[in-house]
Amino acid sequence: MPDLHVTDIADVTDVAVVPDDVRSVFTDAVTRRVGAGATGDTVLDDPEWRLPDTVAEALSHSVAFPDAAGPGFRVVRGLFDAFGDQGPTPGHWTEADPRRTAAFDVALALAGSTLGTVFGWKDQQGGRIVHNILPSPGCEHMQVGASSTVPLAWHTEDAFHPDRADLLLLACVRNPDGVGSRLASIRSVGSTRLDESDLAQLRRPALTILPDDSYEDDDASGMEPVGMPTVWESPDGWCVRYDPSYTRFLTEDPAFVTAHERLGAAFESDGFVVSLDPGDLLLVDNDAMVHGRVAFRPRYDGSDRWLKRVLVRVEGGGRYRPPSEAGEHGYDQLRVFPGALPRA
């Protein structure tokens, strides 16, 4: 894999710093909800715990969907500054205590809710709304968020499913080694690295993508595959659905296979790395960008990199995806919405 350009936060074109007065009002709202018993997985269950319109509006100037004409991602700084240290990095997502990190998790869930519908997956991380992304023993070489010693390959989040997130939010709890998130844009490579014949091939529904190994499901590989296009055009520009680690080609046509390989090479050529600091929030347009992570050596001593993740769907928000997605079965993976499951 070629070395990717490392982008300092100061060089990011779409970076927002939350003003002190907005952070203060938001922090107060979070603190009151945590005091009433809310966690990140329950705060959106109760309509009375949703953010007041005035607070959501104030927050929207910082926590905003990446500009469609921009890079396809945004970094927000300062939103979580008041919540302090979250304790040692757990060794596995099941060891993360939602009570211990309640304020941080509630803040992330509420921030996500200002952008659309926050959801989780029934078979992923126990149906939690706020996910913990951290290295875990035994997962070092897997292509999941718990891996470490291998790079996490380029992918769009939950590419296997027609109801995947429109927006991915990653909040940094801890990152002492500056482990970077990898990003690349289809709107950059689609216009500069691929020719018309490549794009025509990639529009074909000539592959399927399976759920990744973070899902507790052994039946997906036995289901009838449904063809999916890899790229399509929307009013905002080129869009992509991509996860080569879990892709199965439905054709042996060398023209298609070559186009798909050229797409991966284009992401490598144009990709870059953004290293998040504690408290930073990264918002990724899941149709415009692929993302991943550089390799690192975990210590498993409570000091490893630790991110929190929420998924957001912009229902009725004008996002365009191919009509053929309406006929997909999504490998029977079910989304979980706030209030849908009993919470401990």
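The values are calculated or read from the model by the stated rules, or taken from the named source; none is laboratory data. Bear in mind the structure is a predicted one, so any value in this text is a computation, not a measurement. Quick reminder, even Gly has a Cβ in these numbers, built from the backbone with ideal geometry, and neighbours come from all protein chains shown. Please note that ligands, DNA and RNA were not included when accessible areas were found on the heavy atoms of the full protein model with its side chains. Shrake-Rupley method; radii C 1.70, N 1.55, O 1.52, S 1.80 Å.
For the reader, a short list of remarks on this structure follows.
- Per-residue extension of 0.36 nm, minus the Cα-Cα distance of His329 and Ala69, leaves a gain of 90.4 nm for this segment.
- Average accessible area per residue (Å²) across region 194-293 - probe 1.4 Å, nucleic acids and ligands excluded: 39 Å²
- Model label points for Leu250 and Glu57, set 7 angstrom from Cα along the Cα-to-Cβ axis, are 4.7 nm apart.
- Helical segments meeting 18 Å axial Cα length and Kyte-Doolittle 0.5 threshold in the chain (DSSP H): none
- Taking label positions 7 Å along the Cα-Cβ direction at both Thr31 and Ser234, the computed distance is 3.8 nm, reported to one decimal.
- Net length gained if the chain between Asp277 and Asp219 were fully extended (0.36 nm per residue, minus Cα distance): 17.0 nm
- With the charge dipole of the chain set up from +1 on Lys and Arg Cβ and -1 on Asp and Glu Cβ about the Cα centre, the Cα lying farthest toward the positive end among the listed residues Ala29, His329, Trp306 is that of Ala29.
- Using C-alpha pairs below 8 Å separated by at least 6 residues, the relative contact order for the chain is 31 percent.
- The trypsin sites (Lys or Arg not before Pro) found in region 99-182 that occupy coil by DSSP, while having at most 15 further C-beta atoms within 10 Å, are Arg99, Arg100.
- Using only alpha carbons, region 32-141 has a radius of gyration to Kirkwood radius ratio (Rg to Rh) of 0.98.
- Only Lys, Arg, Asp and Glu carry charge here, each on its Cβ (+1 for the first two, -1 for the last two); on that basis region 21-148 has a dipole of about 80 debye about its Cα centre.
- C-alpha center-to-center spacing [region 263-300, region 79-139] in angstrom: 19 Å
- Helix-derived mean residue ellipticity, 222 nm - over the chain, DSSP H n ≥ 4, -39500 (n - 2.57), to 500: -6000 deg cm²/dmol
- Cβ-placed point charges (K, R +1; D, E -1), dipole of the chain about Cα centre in debye, nearest 20: 460 debye
- Remark: region 256-341 projects, on average over all directions, an area of 10.1 nm² (convex hull of Cα atoms).
- Apportionment of accessible area to carbon and sulfur, the chain, percent (1.4 Å): 50 percent
- Estimated translational D of region 150-306 in µm²/s (Stokes, Kirkwood radius over Cα pairs; 37 °C; 0.692 mPa s): 197 µm²/s
- Here the 3J(HN,Hα) profile of region 323-333, calculated from phi with Karplus coefficients 6.51, -1.76 and 1.60 at θ = phi - 60°, is x, 4, 5, 4, x, 7, 8, x, 6, 6, 7 Hz, Gly and Pro shown as x.
- Segment Thr258..Ser191, full-extension length gain: 22.4 nm, with 0.36 nm per residue of separation and the alpha-carbon distance subtracted.
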